[in-house]
Amino acid sequence: MRLATTLAGPMDHLAFLLPSTMILFAITFLAVGWSGPKSARAWGLAFLFGALGFIAPILPLPFALQSLLANAAFLVSFYCYGDALLLHFRAPRMIAPRIIFALLAYAMVIVAVEGFASLPLELTVADISVAILLGVPLASVIWRAHTLPDRVLVAVAGIVVLDIIVRLFIFNVLVGISPALSDFAASSYAYYNQVAVGVLSVGFALAAMGSIVSQMLAGYRSAAERDPLTGLLNRRGFDAVAAPMTPMGQGAAILLVDVDRFKLINDDFGHEAGDLVLAGLADILRSILPGTAVISRFGGEEFAVLIPRLSMAEAGALAHGIRLACSERDWRLCGVDRLVTLCVGVSLVLSEEPNWKAAFKRADSALYAAKDDGRDRVMFAKPDAYLAIERAA
């Protein structure tokens with residue numbers, strides 16, 4: 001993993017080009033991570049220490065000290081690569097075990113350099129160590145990669161680990177390396193290392209940046225489609241999720257839920273109490289409705305629910321479950337010391353309807369019919385009438 005101290009021809013340019021490129025990557029990632037994801041900061045530190053590892057051998061230092069400084073930088077670099085993967089995929093970071101391993105690996109490098117002065121032993125210890133520092137985090141996140149950018153990142157990380165192992169086998173076992181530390185500069189290992197790392201570092205940086213940008217965009221999109229108070233979908237999010245769930249001929253149920261006299265709750269107990277009631281109702285909806293339900297806060301105190309492949313009887317039972325859970329809940333913890341009730345308008349998406357919007361209008365009309373009928377009601381919308389569903393349904 002060390003740079004040659006004396007390079008000729010193209011290698012002279014590569015000696016400066018590679019660390020310069022890695023420093024540019026480091027600055028880019030650190031800038032993104034300044035107010036962005038923590039993983040970007042970890043990528044930035046990884047490339048920064050990687051650049052230091054390639055700069056160390058051209059510093060005016062004794063060869064052994066150059067070697068120790070370079071290996072220390074590479075161990076820190078690959079620790080940060082692994083940390084970046086774990087942060088990006090929200091996996092357990094295993095900080096203490098990885099730090100202890102890195103320290104033990106460096107102790108073995110010191111023994112190889114100062115004790116045995118053996119280049120093959122030094123390269124073996126260093127290469128195996130950095131492969132483990134990246135490989136173990138990679139193994140723990142590989143099944144978390146669900147999007148294409150994340151899978152590309154995992155694949156490139158796997159190629160980096162594979163390259164280290166293959167390089168070590170070829171040059172330590174098949175080709176052979178001079179045992180003298182001073183012969184590293186002229187070895188074919190040094191040349192291959194420069195070229196391989198140059199190519200892979202670019203691929204690694206692009207894959208990491210693509211995955212980070214994809215994750216950030218997904219976060220922005222989620223924030224744009226979520227209601228910040230309840231964590232449910234907003235109107236825009238409901239439309240985006242519900243549209244592909246109601247293909248013609250497969251049907252669905254629409255439930256519109258509205259808190260009765262919600263303005264009086266705000267007026268009598270304050271807007272903070274009103275917000276807590278809405279958050280509590282969101283919890284009720286999550287607890288009662290099936291996992292297939294698309295739940296949203298459409299605005300104010302109105303919630304919209306779409307449940308695919310549901311009959312009228314099943315929709316009515318769920319609607320009454322929501323109504324009863326709300327009226328029976330003790331809202332005093334939210335600062336409201338009186339009964340909170342709601343109405344539910346229910347409608348079915350007919351098999352001949354291309355989407356949920358016509359059913360939504362019927363459910364909305366049923367909701368207003370429930371309000372007119374005295375509130376604390378569940379009303380089902382038929383194509384030509386409204387039907388009050390029995391409370392015992």
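The values are calculated or read from the model by the stated rules, or taken from the named source; none is laboratory data. Given the structure is predicted, the values throughout are model-derived calculations rather than measurements. Neighbour counts run over all protein chains shown; Cβ positions are idealised from the backbone, glycine included. Accessible surface is based on the protein model in full, side chains and every heavy atom, while ligands, DNA and RNA are left aside. Shrake-Rupley method; radii C 1.70, N 1.55, O 1.52, S 1.80 Å.
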Completion exercise
SASA check, Asp268, accessible area w/ 1.4 Å probe, all protein chains in place, rounded to nearest 10 Å², comes out at 90
Fill in the blank from the handout: Per the 1/(1 + (r/R0)^6) rule, R0 = 41 Å and r from the Cβ atoms of Tyr220 and Phe169, FRET efficiency to 0.05 is 0.40
Completion exercise
log10 I(q)/I(0) for region 188-325, Debye formula on C-alpha points only (no solvent), q = 0.15, 0.22 Å⁻¹, two decimals, reads -0.82, -1.29
Completion exercise
Diffing region 327-337: the Karplus 3J(HN,Hα) column from phi (6.51, -1.76, 1.60, θ = phi - 60°), in whole Hz with x for Gly and Pro, holds 5, 8, 6, 8, 8, 5, 5, 8, x, 10, 9
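Summarise the accessible area of the chain (1.4 Å probe, protein heavy atoms) by the percent that is carbon and sulfur.
Carbon and sulfur together cover 66 percent of it.
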Handout entry: Solvent exposure ordering (accessible area, 1.4 Å, most first) of Ile164, Ile100, Ile95
Key = Ile100, Ile95, Ile164
Exercise for the section: Sort out for me the Cα centre separation of region 308-333 from region 47-86, rounded to whole Å. Expected result: 61
Completion exercise
Counting only residues 5 or more apart in sequence or on a different chain, those whose built amide H sits under 5 Å from that of Val349 are Ala252, Ala253, Ile254
Problem - Amide proton proximity set for Leu61, modelled H, under 5 Å, gap of 5+ - result: none
Exercise for the section: Quick one: order Tyr106, Tyr79 from most to least accessible surface, probe 1.4 Å. Expected result: Tyr106, Tyr79
Completion exercise
Here the equivalent ellipsoid of the chain, derived from its Cα gyration tensor, has semi-axes (largest first, whole Å) of 64, 21, 16
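Defining a contact as two alpha carbons under 8 Å apart and six or more residues distant in sequence, what relative contact order in percent does the chain show?
12
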Fill in the blank from the handout: Once amide hydrogens are built 1.01 Å from N within the peptide plane, the residues lying 5 or more places from Val378 or on another chain with amide H under 5 Å from its amide H are Val344, Ile389
Handout entry: Residue-averaged 222 nm ellipticity for the chain, from DSSP H runs of 4+ at -39500 (n - 2.57), nearest 500
Key = -20500 deg cm²/dmol
Practice task
With a probe of 1.4 Å, find how much accessible area region 185-342 has per residue, and write the answer as a whole number in Å².
Solution key: 45
Exercise for the section: Return the sequence-ordered ³J(HN,Hα) values of region 16-26 in whole Hz as given by the Karplus equation 6.51 cos²θ - 1.76 cosθ + 1.60 applied to θ = phi - 60°, using x for Gly and Pro. Expected result: 9, 5, 5, x, 5, 4, 5, 5, 4, 4, 4
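How much net charge surrounds Val141 when only the other residues with a Cβ under 13 Å from the Cβ of Val141 are counted, with Lys and Arg +1 and Asp and Glu -1?
Taking every Cβ under 13 Å from that of Val141, the sum is +2.
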Exercise for the section: Write down the accessible area per residue of region 31-126 in Å², having rolled a 1.4 Å probe over the full set of protein chains. Expected result: 42
Completion exercise
Taking Cα atoms only, helix 119-141 is inclined relative to the longest principal axis of the chain by an angle, in degrees rounded to 10, of 0
